[in-house]
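Worksheet: the structure to be examined is printed underneath.
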Amino acid sequence: MTTPPRAPRRCRPRCAAHRKQSCRRRPAVPRVVDVVLIDVLAVRVDRSAGEARRNAGPVRHVAVDRLQRGRERLSGRDDERADLRLRAEDRRRHRVRDDRARARRDESDDGDGERNETDLLQRIPPDERMLPGVLTHAAGRFLQSGAKGRARRSKIAPPLVFCRCARSNPNVIYRGQGGVMSDHLDGPNFTFPEGDPRLDVADLYLFEQPGDPARAVVVFDVNPFAAGPDFHPDAVYRIGVDTDGDAADDVAFFVTFAPEGDGQVATVRRARGNDARSDEPAGDVVVDKAPVSFGTEARVTQSDGYRFFAGRRSEPFFFDIEGATNNYQFTGTDTFLEADIFSIIIELPKEALGASGPIGVWTRTSVRRGGTLVPVDRAAQPGLTNGFITDGDLKAQFITDDPTNDRARYTPSFVSQLVDVVGLAKEEADGLVAMLLPDLLRYDPSQPSGFPNGRRLPDRTFDTALPIITKGAVTTDGVKEHTDYSDEFPYLGTPHMTPPPPLG
């Protein structure tokens, strides 16, 4: 049998048969490169021959950790080239997935484009029709959808937002595109609003006073990591309460600070009706010239049924930030274990909140500029700002706006995040956003407190959201609540007096 002649090393332009073959000489590889796995191609370097042979074969889905290990094995200029190929393949795969999901949604649309939001909400039990109850309901649906294949087919969704945490130095917090860290550093590009940590609203807690069902406790945390030296003397720290469901304040507490000696004193006013909607502090003084605590000793003030504290305490919030930014590969490391926070804590009769039934509560910081109070930051539900708004300009607008404008102005952005990033159907996203907005922490004083009815210090709020963000693949970050909470006022632990981490 005659052996057919070998094909030439370089195909002639007119040779159609040879143009279909990969017969060009491949360039020599200047150095040894380890194995790199790509989603659709396995590239192997032959060390003995010094040439790269490409074994074209279908490779099923490659896990994210394999891609990460592949990146870590590379070094030098070859690393950069391979990393670019990996990133390009990741982007291509996500585009294909998004296009297919969008096509499926278009095919399932009934043509008129209208959604019956009421029908969707009717499927949610009445006792869960408040955020985060609706989130709990959605999380359960994701966890139960494995039988239908939806959750099992879905990969972990990319994080809604990211922050950068150095593995070599976990005490360094890097600026990124936001942060899965409640509302800490929720200014544009993961910064302090107005560049001032004293004006940054970190968290809001609201719960029944331990041992007294007739009283409630409001914890208003600002100044993440205690990065600022005190409370801003030209700021107004406001707690708004909506009692009739229109997102407008019916009761408000205004807290202001003034220097006195080497420290500060605080004044608290309570306003009702039209005065509660005023930007300027209004209403009756309920706490006057209460000393602020900057050390480990808690200086408590009592006045006409109110108990008040303002100052530095141990950070009650707990979460694994590095795990959240590492594709939800949680290690149970608490980023906030030894962090401090500045707290405004008011213990008061429940009737002072203005209603015996459901209410909505939110917090705001404003600062005086040229004689006028300018809104700087706000927060209510944990993680809402950093979790759903990644655009810096839109976030700057959102945190300075009022809850009364939330549904009209921010619904499209929230729906887009739930559909495009999390992967919810449009109908599901519409229903969830209807519960998310306006941004108010819901609380029914007649019911036992605890997330989603208010928020206690040890409540695992982010374990409710994780199944939604990861489509059921991750249900907890593995971080345990802090052990320094107290059943006695001011409830937060003794401050660690830890220096604030550097920002980079």
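The values are calculated or read from the model by the stated rules, or taken from the named source; none is laboratory data. Please read all numbers here as calculations on a predicted model, not as lab measurements. Please note: Cβ atoms are built from the backbone with ideal geometry, for glycine as well, and neighbour counts cover all protein chains shown.
Structure notes:
- Residue 476 being assigned to a loop (DSSP other than H, G, I, E, B), touching a residue at least 12 places away in the same chain (Cβ under 8 Å), in contact with a Phe, Trp or Tyr (Cβ under 9 Å, 6 or more places away or on another chain) and within 19 Å of residue 223 (Cα to Cα): no
- Some residue of the range 390-411 being in a helix (DSSP H, G or I), in contact with a Ser or Thr (Cβ under 8 Å, 6 or more places away or on another chain) and among the basic types (Lys, Arg): yes
- Filter result for residue 404 (polar (S, T, N, Q) and modelled with pLDDT of 95 or more): yes
- Tally of residues being in a loop (DSSP other than H, G, I, E, B) and modelled with pLDDT under 95 across the range 412-445: 3
- Residue 245 among the small types (Gly, Ala, Ser) and at positive phi: yes
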